[in-house]
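The values are calculated or read from the model by the stated rules, or taken from the named source; none is laboratory data. Since the structure is predicted, the reported quantities are computational estimates derived from the model, not experimental observations. Cβ placement follows ideal geometry from the backbone for every residue including glycine, while neighbour counts extend to all protein chains displayed.
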Amino acid sequence: MPADAPLATITIAGGGFAGWLAASLLARALPDLAISLVEVPGPDRSLGVAAAADVLLPDDLPLLGEAGWNGPDLLRGGRAGFVLGTALSGWRADGATAFMPYGEIGAPLGPIPFHQLVSTMRRRGQPVNMANYALGALAAQAGRFAPPPPGDETVHAALTFGLSIDTARLAEMLRGDALERGVRLAGTWHGEAVQRGDGGVQRLVLADGTSLAADLVIDASGPASPLSGARDDWSPWFPFDRVASARRTSEAPAPPYVHCDAHHAGWQSFAPLADGVGELFVFSSADAPGAPAAEPFAPGCQQAAWTGNVVRIGGAAAQHDPVAGLQLHLALADVLRLIALFPAACEHPAEAAEYNRQWREKTECAFDTALLRLACSGALGAVWDRLRARALPDRAAYRRDLYAANGRVVLHDGEVLEEAGWTALFDALCVQPRKGDALSDALPSAKITAHFAAIRQAMIAAVGRMPPYQALMAQVAA
Amino acid sequence: MMAGPIRKVVIAGGGTAGWMAAAALSRLTGNGVTEVVLVESEEIGTVGVGEATIPPIRTFNAMLGIDENAFVVATQGSFKLGIEFAGWSREGQSYIHPFGAYGADIDGVKFHQVWLALRAAGLPLPLDDFSLCTTAARLNRFQRPDGNPASPLSQIAYAFHFDAGLYAAFLRRHAEARGVVRHEGKIGQVRLDGETGFITALALDDGRVIEGDLFIDCTGFRALLIGEALGSAYEDWSHWLPCDRAVAVPSTRTAPLLPYTRSTARKAGWQWRIPLQHRTGNGMVYCSRHISDDEAAATLLANLDGEATADPRPLRFTTGIRKEPWRKNCVALGLASGFMEPLESTSIHLIQIGISKLLALFPDASFPAHERDEYNRLTALQWAQIRDFLILHYKQNQRAGQPFWEECAAMQVPETLARKMALFRAAGRLFRYEDELFTDASWAAVMIGQGLMPERHDPIADTLDPAEVRNLAARMADAFRRTARAMPTHADYIARHCAGRPM
Ligand SMILES: Cc1cc2nc3c(=O)[nH]c(=O)nc-3n(C[C@H](O)[C@H](O)[C@H](O)COP(=O)(O)OP(=O)(O)OC[C@H]3O[C@@H](n4cnc5c(N)ncnc54)[C@H](O)[C@@H]3O)c2cc1C
């Protein structure tokens, strides 16, 4: 094939969530492409672990909106619940619960970040609970919620939420959309492929013996992909190796946050759906003899996501520990990155190299996020002790140590948390800066206290104007 | 080392870097413990150049609570909408790297991709027509945005040109009013602690000794503290940025008053032109391997558009960066921390972001390593990003037949830049890394201006309706043209809002 032949055909390997997500978004963005999808038998591990519910982060929603999927579609199609943050129990050494809200916490005072003001006051002997200054936390506490109306410029506009979706239901909707837009369902694939020399694939051999060639192959078949390349193993860092998931229905909608509970052998989480809860149990098999049936999983990632003409997305590229609830976010990021870098020609070394660079950045940031979430916890149990006893890799250690030294948050390109998110994570897990910010420490306490009071008053008033969450959900259901 | 807050900050040097630091650090005195002093020597003087800025300087002014008009009045300043690069791609051609964006994205497709698609479809429109800053600059017009986000005027982004000496004096008044104490005198010796190697005091030639906890080295190219006393090594970048000398000369103001900086490529370097209210600043930056000092000065003088009002002043430098801009209890700012040529007016900006990093990472008296390491990590990153952008100008020249320029075109560039160029060449893609200073619009302006034309455009741009895109593009260009024509001239705008006293 000539190097500059236009790239015209795509095959997506895997008809799980990630595959249909890619099919729908690609068909919408590039209607002239000929897209085929082959299904892979078995449970949907395309995102990493098979979970009944997955979370779309706040920043994902406008991106999906631009790609053509807006909030009401997702709410309906995904039987979604709103998510204002994560409530933690069992994670802290002091036994207390904590809430990690999405979005900003408090407000800066001139150039001084809010959490530095908090740190100053705490070192002056005044306890401050950061969640008391986060709109999402206050709304969750009060059981009130309403998405801010478009164009809103009041305090309400700061309410930041994600969506917890029924993964299988939303995959159905994406599938319907993709097929309607001309994506061709080409058959079933058991993993047989004719490789090219460069790590790429010439054609896939399908179950019925026919074969399918494509200019570009998108591998969305999950961590056990037959197209897998060289892989980095993360199991030395992540001791949890079993996962089970279930979907429960309930009469009343679950409250608008994910609840995550740590226990002696691992953790479990409860994500709200419109008509129930998606549960996830993750534990270490060595620490939970006699635990109920669960699937094994092994955190790790491909050394390169894009080799030759194969782009691995979602779980086929990286299997993260699901603790930070990022697997849907990461798969979406993969698809959007592919669209942003979509090559015009069959030979595309510059695009592939850039894709891999950005993907690696993001993968490493997500790795740090999950690892620090686990390693900074004070949860009780032998597996947690082992986790904490292990030295962190340099980059994660640097993040924690810098924050613990002076409250500075390290930010890289691929960040999934941003400054407020990292602050919420560290603070929830009792990592507190030893030293204050010089400008903050130069302020009189009265000035800081007045700033705090003004923020809290405005937020409480804004929450008071929101409808009860149950009422809103009843309206959504209707 | 003791714990507790820093009691005394000593700033060595009173050039632009020293007084910017003094003005900003004066805030720290609010804790009732910290004291800020500055030492400078009139006999030694300042470097006396550094008069063009980029838009983030407005954030610095705002942080200090400085009124913009008062600042322009006090510094005989003028407004800047971008930089004209004359002869950089090839002799006789010129482009403007404007501040602000090009056009507006259409349905999520970046505007420069839309432009590339139009070009591929046989409609090669000038990219300049889609920048309001460029359009206004070419007409010598200026006006600030009016605060209405829907108006085309909101596309105006600007910075300043100012008189470096007046700027330092202006900041000095600001800092002294907020408690910074100035000592006049020449530093003869930097005293170090025998055990820790930390700086304990500066001994002045007249016998005075100035002790302190934290020292800010703003002594310019001499780098008395960070280099001479503490031995922080210098990483030489002259294989990428080969100019090593400059000669500067002021000339009389000419009309019209241009609202932009001009950089004109010459035989073995380039000439700058910075329009101020009371004079024009000029200079030539060159590579001494390719041209003699005399020839450089003669070329400069032969190419002034006003009359020279002083003798040409020679300067020498090595482009590069201090490997540890923060070492022990000393942080270097300004020329003491490294130097990149003023091609994109980034030095004062680097001082500014050095100061904000220092404030955010301000140590206590125990000087924990974390603050220093993070400061040095971020500094290295920010400098390297700017470095790559500057190298692009040299690498991507097409001035055939001139050995200096041919050497630049043949050089091997850093891997980070090579990747950026390859990606842009393939399909016009640009990604901004780690909060880098220059936006996609800036990279696109210089890449396209220097003749690095993408081989294709983003396939996404083909999904737009071509007729509609043509229409939208025509309307955008028209709105910019009309808006620019309705603006006052730069000279009139200054006369009305911020004229300096006649000098
Ligand atoms: C040719 C050229 C053009 C430039 N153009 C631009 C531009 O357009 N835009 C831009 O942003 N930047 C530009 N720069 C950079 C800019 O000039 C500097 O970043 C800025 O002026 C800061 O200089 P400084 O304060 O670090 O050093 P200096 O101005 O050299 O100040 C050093 C200070 O230290 C004092 N000092 C030194 N030794 C002693 C001693 N022994 N005892 C006491 N005091 C001492 C001096 O008296 C002086 O006060 C340019 C630089 C050059 C060389």
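Listed here are the residues, each with its yes/no results for (1) within 14 Å of chain B (Cβ to nearest Cβ); (2) hydroxyl-bearing (S, T, Y); (3) at positive phi; (4) touching a Lys or Arg at 6+ places or on another chain (Cβ under 9 Å).
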| residue | (1), (2), (3), (4) |
| --- | --- |
| A:S269 | no, yes, no, no |
| A:P289 | no, no, no, no |
| A:A298 | no, no, no, no |
| A:C301 | no, no, no, yes |
| A:A344 | yes, no, no, yes |
| A:H348 | yes, no, no, no |
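Could you tell me whether B:Y375 is touching a residue at least 40 places away in the same chain (Cβ under 8 Å), in contact with a strand residue (DSSP E or B) (Cβ under 6 Å, 6 or more places away or on another chain) and part of a helix (DSSP H, G or I)? Write out each step before concluding.
Details: touching a residue at least 40 places away in the same chain (Cβ under 8 Å): yes; in contact with a strand residue (DSSP E or B) (Cβ under 6 Å, 6 or more places away or on another chain): yes; part of a helix (DSSP H, G or I): yes.
Yes, satisfied.
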Exactly one of A:A50, A:A140 is buried (at least 21 other Cβ atoms within 10 Å of the Cβ) and part of a helix (DSSP H, G or I), and that residue is A:A140
Within the set of pairs 6+ apart or on separate chains, which have a first residue in the range B:343-364 that is more than 22 Å from B:L390 (Cα to Cα), a second that is within 12 Å of the ligand (Cβ to nearest atom) and modelled with pLDDT of 95 or more, and C-beta atoms under 7 Å apart? B:I355/B:M20; B:I355/B:A21; B:I355/B:L333
Candidate set: the range B:27-80, residues that are acidic (D, E) and away from the ligand (no atom under 15 Å from the Cβ); chosen: the one nearest to B:Y158 (Cα to Cα): B:E68
So how many residues does the range A:66-79 have that are more than 18 Å from A:A23 (Cβ to Cβ), in contact with a Leu (Cβ under 9 Å, 6 or more places away or on another chain) and part of a helix (DSSP H, G or I)? 2
Residues of the range B:203-220 being over 30 Å from B:A265 (Cβ atoms) and touching a residue at least 60 places away in the same chain (Cβ under 8 Å), in sequence order, are B:L204, B:I210, B:E211, B:G212, B:D213, B:L214, B:F215, B:I216, B:D217, B:C218, B:T219
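Listed here are the residues, each with its yes/no results for (1) surrounded by 14 or more Cβ atoms within 10 Å (Cβ to Cβ); (2) in contact (Cβ under 8 Å) with a residue 12 or more places away in the chain; (3) not small (G, A, S).
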residue: A:A146; (1), (2), (3): yes, yes, no
residue: A:P149; (1), (2), (3): no, no, yes
residue: A:L159; (1), (2), (3): yes, yes, yes
residue: A:G162; (1), (2), (3): yes, yes, no
residue: A:G176; (1), (2), (3): no, no, no
Those residues of the range A:248-280 which are of a type in the set (V, I, T) and at pLDDT below 95 amount to A:T249
Within the range B:444-494, how many residues are β-branched (V, I, T) and more than 33 Å from the chain's Cα centre (by Cα)? 3
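Yes/no per residue for (1) closer than 18 Å to B:I44 by Cα; (2) in contact (Cβ under 8 Å) with a residue 40 or more places away in the chain:
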{"site": "B:D193", "(1), (2)": "no, no"}
{"site": "B:T196", "(1), (2)": "no, yes"}
{"site": "B:A201", "(1), (2)": "no, no"}
{"site": "B:R222", "(1), (2)": "yes, yes"}
{"site": "B:W237", "(1), (2)": "no, yes"}
{"site": "B:W240", "(1), (2)": "no, yes"}
{"site": "B:D244", "(1), (2)": "no, yes"}
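If I go through the range B:358-395 residue by residue, how many of them are charged (D, E, K, R) and at the interface with chain A (Cβ under 10 Å from one of its Cβ atoms)?
First, pick out the residues of the range B:358-395 that are charged (D, E, K, R): B:364, B:371-374, B:377, B:387-388, B:395.
Those still in the list that are at the interface with chain A (Cβ under 10 Å from one of its Cβ atoms) too: B:364, B:371, B:373-374, B:377.
Residues in the range B:358-395 being charged (D, E, K, R) and at the interface with chain A (Cβ under 10 Å from one of its Cβ atoms): 5 in total.
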Out of (1) within 15 Å of the ligand (Cβ to nearest atom); (2) within 13 Å of B:Y286 (Cβ to Cβ), what's the single condition that is false for B:A265? (1)
Residue check: is B:I210 within 13 Å of the ligand (Cβ to nearest atom), in contact with a His (Cβ under 9 Å, 6 or more places away or on another chain) and assigned to a strand (DSSP E or B)? yes
Among the residues of the range A:424-446, write down those that are hydroxyl-bearing (S, T, Y) and more than 14 Å from chain B (Cβ to nearest Cβ). none
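Yes or no, residue by residue, for (1) buried (at least 19 other Cβ atoms within 10 Å of the Cβ); (2) under 28 Å from A:A13 (Cβ atoms):
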{"residue": "A:V40", "(1), (2)": "yes, yes"}
{"residue": "A:P43", "(1), (2)": "no, yes"}
{"residue": "A:S46", "(1), (2)": "yes, yes"}
{"residue": "A:L64", "(1), (2)": "yes, yes"}
{"residue": "A:G68", "(1), (2)": "no, yes"}
{"residue": "A:G78", "(1), (2)": "yes, yes"}
{"residue": "A:F82", "(1), (2)": "yes, no"}
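I want to confirm something. Restricting to the range B:441-471 and keeping residues that are of a type in the set (D, E, K, R) and surrounded by fewer than 17 Cβ atoms within 10 Å (Cβ to Cβ), which single residue is farthest from the other protein chains (Cβ to nearest Cβ)?
Taking the candidates together, the pick is B:R470.
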Kindly indicate whether any position in the range B:229-238 is within 12 Å of the ligand (Cβ to nearest atom) and either of a type outside the set (D, E) or more than 14 Å from every other protein chain (Cβ to nearest Cβ) (or both). yes
Number of the exception - A:R175 against (1) within 14 Å of chain B (Cβ to nearest Cβ); (2) farther than 30 Å from A:L372 by Cα: (1)
Has the range B:170-180 got any residue that is within 13 Å of the ligand (Cβ to nearest atom) and either under 20 Å from B:F215 (Cα atoms) or within 14 Å of chain A (Cβ to nearest Cβ) (or both)? yes
Which one of the conditions (1) over 29 Å from B:Q76 (Cα atoms); (2) of a type in the set (A, V, I, L, M); (3) surrounded by fewer than 14 Cβ atoms within 10 Å (Cβ to Cβ) does B:A495 fail to meet, given that it meets all the rest? (1)
Condition first: away from the ligand (no atom under 15 Å from the Cβ), within 14 Å of chain A (Cβ to nearest Cβ) and not in a strand (DSSP E or B). Can you find one or more residues in the range B:183-205 that meet it? no
Can you pull out every residue in the range A:146-180 that is assigned to a loop (DSSP other than H, G, I, E, B) and modelled with pLDDT under 95? A:A146, A:P147, A:P148, A:P149, A:P150, A:G151, A:D152, A:E153, A:T154
